[in-house]
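Notes for the one structure printed next.
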Amino acid sequence: TNNAARRRHRYAGLMRVMSKTLFDAQTAQGGRLTELIDISDGGIVSKPLFENDSIKQILFAMDGGQALSEHRAPFVATVHVIDGELTIEVGGVAHELSSNSWLLMPADMPHSVTARTASRFLLTMAK
């Protein structure tokens, strides 16, 4: 629909604002995700990890008590909690996540994220 296309365009604009990705697909690369992003006291930090035509990965760090308000994304996405504890509400249903857990979120589904404790997670969006 036109509304979905507008949301995708607006979301793409927001994603372009984020800094350059940490990695590219030209060489094999890896490391410890906890060493790539620090938790900022009272804040939320995001770092684009990798992007190509099919997926985008963003590493997030949130201090306990911080939240991302309800929003939608035009892509199917997964959240993999690296450390900490999150509450992710998707379509009105709260999901309690902790270290090494993950959640699949359908495209265009309203969702919000609250860090119950200082947390880091990897968001992967399938375009």
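The values are calculated or read from the model by the stated rules, or taken from the named source; none is laboratory data. Since the model is a prediction, treat every value here as computed from it, not as a measurement. A quick note on method: Cβ atoms are made from the backbone with ideal geometry, for glycine too, and the neighbour counts reach across all protein chains shown. Surface areas here come from the heavy atoms of the whole protein model, side chains and all, with no ligands, DNA or RNA. Shrake-Rupley method; radii C 1.70, N 1.55, O 1.52, S 1.80 Å.
Just to verify a result, which residue in region 22-63, among those that are part of a loop (DSSP other than H, G, I, E, B) and among the β-branched types (Val, Ile, Thr), is most open to solvent (accessible area, probe 1.4 Å)?
Looking at the filtered set, the residue picked out is Thr27.
Would you confirm, using the coordinates I've provided, whether Val79 is surrounded by 15 or more Cβ atoms within 10 Å (Cβ to Cβ) and either under 13 Å from the mean Cα position of the chain (by Cα) or not acidic (Asp, Glu) (or both)?
Considered against the rule, which asks whether it is surrounded by 15 or more Cβ atoms within 10 Å (Cβ to Cβ) and either under 13 Å from the mean Cα position of the chain (by Cα) or not acidic (Asp, Glu) (or both), Val79 comes out as yes.
Does Thr1 fit the bill of being modelled with pLDDT under 95, β-branched (Val, Ile, Thr) and open to solvent by 90 Å² or more (accessible area, probe 1.4 Å)? Please lay out each step first, then the result.
Details: modelled with pLDDT under 95: yes; β-branched (Val, Ile, Thr): yes; open to solvent by 90 Å² or more (accessible area, probe 1.4 Å): yes.
Against the criterion (modelled with pLDDT under 95, β-branched (Val, Ile, Thr) and open to solvent by 90 Å² or more (accessible area, probe 1.4 Å)), Thr1 qualifies.
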